[in-house]
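The values are calculated or read from the model by the stated rules, or taken from the named source; none is laboratory data. Being a predicted model, the structure only gives us computed values, none of them experimental. Every residue, glycine as well, gets a Cβ built from its backbone with ideal geometry; the counts of neighbours run over all protein chains shown. Note: areas computed on protein heavy atoms with side chains; ligands, DNA, RNA excluded. Shrake-Rupley method; radii C 1.70, N 1.55, O 1.52, S 1.80 Å.
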Amino acid sequence: MCGFVGMLNFDETPIDIGILSKMTEIQKHRGPDDEGRTAFSLKDGTFKHVPRNCREGKLPFSGGLGFNRLSILDLSSMGSQPMVSSSQKAIIAFNGEIYNAFELRPELEQKGYVFNSNTDTEVILNLFDAYGFEGMLSRLNGMFAICIVDLNVKRIFLARDRLGIKPLYISRVGKTLLFSSEVKSFLHHPSFGLELDSNSLDEYLTFRYCSGSNHLLSNVEQVKPGCWLSISSLSDQRLASYWEIPDMPFPKKENSLENSIQNAEIHLERSVQSQLLSDAKLGCQLSGGIDSSLINFLASRNTNDNLDAFSVTFKDPAYSEKQWIDSAAERSNITSHCFELDAEYFAKNISRASWHLDQPLNHPNSLGLMFLAENACSHVKVLLSGEGADESLGGYARYYYAKARPFTSPFVNSLNRIFPDKMSKLTRRLGGSSDKVENFLMSSSFLDSRFVENLRLDYDYESVLERRRTLFMEGNSHDHLANCLKYDMRTYLVDLLIRQDKMTMASSVENRVPFLDHNWIEFVRNEIPISHLVRVCSTLNPKNAVNRGTKVVLKKMARKYFDENFVFRRKAGFAIPMKQFFKQSLFREQVEDTILPGIASRELLNHKYINRLWSNLDSISNFELEALWGALSVEFWIQSFKVN
């Protein structure tokens, strides 16, 4: 796990070492163990490693790479990057982990490749030499952002892993291409301008993240998961996809649920086993939910080491999962470390967390992840988490309602006409529209459009909806719910993964996600029937129906190791006591002294509405509280990033 930056001047202007150095240093938290910089020329096919003491001046090369290393595999200096191939014709900067690297190595050795290190980086380089960039990508199992400079064919290749676990951004400024693991690196290039994309702001306020290649900054693009770029000049830049989340086939013959559970456990355990690979100490995140609890259990079962688990709790028992954390830790035979998040930490670290995230703190509990990593980093360098299970296996209530909607919509429509004031929440869940795609899209939003309209007086709901509909319609499964899951994995999940990466890497901790091994995803999408993921239950208790009707396979698997109350309790998520935290004196001072005046002066958002919400904090609804947080978080980020 590391971070890299790069630049290429298409007009052959010599690179500025001072700029490259600052772009690299600003993300040193991603890799405090080592740093490297390499200048290169596509035109001449030459390169030069920049000496450590060289921090300024220009070199007669049009491109440069900067690298920050967090040593996980082969802790020696032989793992330093940028790394050059034995042919001296390829340079790599790589962030992530390749879990099957040492399974691929013997094949390369048989072809005559000699290895100087025990790193996955060198395996990638030799795979590239042996099979080309696409052939290399098809063989990799892991999480990664990769840059390879091919001096032989005079091209730069960039790629992001299949599910978007590792971030990768690009920016085209004039005749220069910039790319980086973090957006903040671009701030040190003089041609880069900080300008907000107002169209993306509408999408952000509705869903609390930007989808696809979009970013809140107008001149920043996210490389989409499963995609790679090939670049040689200003006019020769190609984008291609090398992997897609599979569409679920129409089942020829449905397997039994018991068979699905058995096969799922085999595949999940295999994923956990592969991700235990590390030369640095490894532990687990433990929220107390079944996803992270299963990962902890399987990890403990597959290692001889004594594992440590790390959790965040709250003083208020209404928000704390401490009892479930303790239960999971005891059942998994791991050492549990719990850290209590309070309002003071929240207030003191909002701006810092916004800066690390490269975007507004869409989820206030992101501060909990940063707090967890800060406390875990003195014990471990690597954490396994349960991220990705809900989106791939159908764990959210919105999936249950999408499944139930064909049966309920006629009744909801009738009741909505009779009791319009009392039906808004139920209508949002079960859908009052005949458009099932729009129903799902808006059920996955964080704010109802009427609240966004209050925040943004020129809000363009139709444009936001159309952008999301286009993404949704790329799913081609026979089943509507299967397309809902694919949409969430390509949108919402990607943003959650960015949050996991940035908040843990702020403390130089690597986060791994066994539920997002691409072999596991392919198994789930091709072998498990949709009815074994989400099923409509007949019960008089709607909450119990959702609990038992979502993530069916995983909950049945978990039931083998955890008791009934643990597995089928109501999903809690990772909520924080927002109203309590908002009342903390330092937080109130920041909001009233700088944030609210900033919102008023910028005129991006309706400051009168926001002021009214703030002034009536005790009486506003949860929806209004979410709207208030959305507005405040945008301004915190704008001020921390100094956005125009």
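Listed values, structure above:
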item: Yes/no for Phe47 being in contact (Cβ under 8 Å) with a residue 60 or more places away in the chain and at negative phi; result: yes
item: Qualifying strands (runs of 3 or more DSSP E) (wholly inside the stretch 5-79; at least 2 residues being hydroxyl-bearing (Ser, Thr, Tyr)); result: 34-41
item: Neighbours by Cβ (under 6 Å, 6+ apart or cross-chain): first from the stretch 337-349, of a type in the set (Gly, Ala, Ser); second open to solvent by less than 30 Å² (accessible area, probe 1.4 Å); result: Ala343/Phe581; Ala347/Phe587
item: Residue in the stretch 202-215 that is open to solvent by 60 Å² or more (accessible area, probe 1.4 Å) and in contact (Cβ under 8 Å) with a residue 24 or more places away in the chain present; result: no
item: Restricting the stretch 7-28 to residues that are within 24 Å of the chain's Cα centre (by Cα) and surrounded by fewer than 20 Cβ atoms within 10 Å (Cβ to Cβ), the residue that is farthest from Ala39 (Cα to Cα); result: Lys28
item: Cβ pairs under 8 Å, 6+ apart, first in the stretch 314-333 and farther than 12 Å from Leu294 by Cα and open to solvent by 50 Å² or more (accessible area, probe 1.4 Å), second assigned to a loop (DSSP other than H, G, I, E, B) and of a type in the set (A, V, I, L, M); result: Tyr319/Ala575; Tyr319/Ile576
item: Criterion: at pLDDT 95 or above and surrounded by fewer than 14 Cβ atoms within 10 Å (Cβ to Cβ) - qualifying residue of Glu564, Glu603, Glu592, Glu522; result: Glu592
item: Residue list for the stretch 155-178, filter: of a type in the set (A, V, I, L, M, F, W, C) and in contact with a helix residue (DSSP H, G or I) (Cβ under 9 Å, 6 or more places away or on another chain); result: Phe157, Ala159, Leu163, Ile165, Val173, Leu178
item: Qualifying residue in the stretch 100-110 (condition: in contact with a helix residue (DSSP H, G or I) (Cβ under 7 Å, 6 or more places away or on another chain), under 20 Å from Arg160 (Cβ atoms), small (Gly, Ala, Ser) and not in a strand (DSSP E or B)); result: yes
item: Considering residues of the stretch 355-394 that are open to solvent by 10 Å² or more (accessible area, probe 1.4 Å) and among the acidic types (Asp, Glu) only, the residue nearest to Lys184 (Cα to Cα); result: Glu374
item: Given (1) crowded, with 18+ Cβ neighbours inside 10 Å; (2) assigned to a strand (DSSP E or B), index of the condition Val272 fails; result: (2)
item: Which numbered condition Ala328 misses (of (1) closer than 27 Å to Tyr396 by Cα; (2) within 22 Å of the chain's Cα centre (by Cα)); result: (2)
item: When residues of the stretch 221-247 are limited to those that are touching a Leu at 6+ places or on another chain (Cβ under 9 Å), part of a loop (DSSP other than H, G, I, E, B) and more than 17 Å from Leu471 (Cβ to Cβ), the one least open to solvent (accessible area, probe 1.4 Å); result: Tyr242
item: Checking Ala309 against (1) crowded, with 18+ Cβ neighbours inside 10 Å; (2) assigned to a helix (DSSP H, G or I); (3) aliphatic (A, V, I, L, M), the condition it does not meet; result: (2)
item: Qualifying position, being farther than 26 Å from Glu321 by Cβ and either touching a residue at least 60 places away in the same chain (Cβ under 8 Å) or touching a Cys at 6+ places or on another chain (Cβ under 8 Å) (or both), among Gln584, Gln590, Gln580; result: Gln590
item: Test: residue in the stretch 550-573 that is free of Cβ contacts under 8 Å to residues at least 60 places away in the same chain, closer than 23 Å to Asn349 by Cα and part of a helix (DSSP H, G or I); result: no
